[in-house]
Amino acid sequence: MSQNLELVYKKLAAMQADLEDLRATYKGVSQSYLVALTTLNDLTLHSSEAAKRAAKSTEQSRIAAMNAMMAAKEASGNPTLIEVVQSAVTASVAAALAAVESAAAAAAAAAAAASAAVAHQAEESLLKASTEAASASRMAADSAAEAVKLSNQAREIVDALNKKTP
């Protein structure tokens, strides 16, 4: 009987050691998970903010392209202002390129936000930030498309003006 009791004590001691190891491992994993969760949350929020800023930048580029196109249109009525028209077209093209670059940045930031949200199994706040980033990316793409369209209109003005002047 004492042999059986001694065997039970040995098994209890082994189980207690295993339990202490499990507790230590759990604490380490829990700490690592908390750090990862905080990092993912920060990444998602920063990515969302970056997408929103890129969308604003794209909108400003669209406005610049529109203003340049309008300047080209206004100046095109006077053949002596061909240099002004060409400068306006150049500005319009540059604004359109900036809009496209900003839209790409917004898309990349939105993708990062979405990846972080998915990696964390879509916590509600991360999903909201990811959705906002995706929306900003969509707005940026729309603005970029409009900027390119305006740039093309400005180019058409110069082409028409060049056809008029020998």
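Quick check: the angle from helix 2-75's long axis to the longest principal axis of the chain, C-alpha only, nearest 10 degrees? Tilt of helix 2-75: around 10 degrees. A value for Rg/Rh (Cα atoms, Kirkwood Rh) was derived from the coordinates, and within the list [x] 1.54; [y] 1.30; [z] 0.98 it appears as [x].
To the nearest 20 Debye, how big is the dipole of the chain about its Cα centre, given +1 on the beta carbon of each Lys and Arg and -1 on that of each Asp and Glu? List each step's numbers first, then the result.
Working: 15 positive and 17 negative charges, 64 e Å.
Here the size comes out at about 300 debye.
Computed over protein heavy atoms with a 1.4 Å probe, the accessible surface of the chain works out to 64 Å² per residue. Using just its DSSP H runs of length 4 or more, each adding -39500 (n - 2.57), the chain gives a mean residue ellipticity at 222 nm of -34500 deg cm²/dmol after division by all residues. Counting only alpha carbon atoms, the long axis of helix 82-119 and the longest principal axis of the chain meet at about 10°. Taken about its Cα centre, the range 1-77 carries a charge dipole of roughly 280 debye when the Cβ of each Lys and Arg holds +1 and the Cβ of each Asp and Glu holds -1. Charge tally around Asn4: other residues with Cβ under 13 Å, Lys/Arg +1 each, Asp/Glu -1 each, net +1.
The values are calculated or read from the model by the stated rules, or taken from the named source; none is laboratory data. Just so it is clear, the structure is predicted and the values come from calculations on it, not from any experiment. Note: ideal-geometry Cβ built from the backbone for every residue, glycine included; neighbour counts use all protein chains shown. Accessible surface is based on the protein model in full, side chains and every heavy atom, while ligands, DNA and RNA are left aside. Shrake-Rupley method; radii C 1.70, N 1.55, O 1.52, S 1.80 Å.
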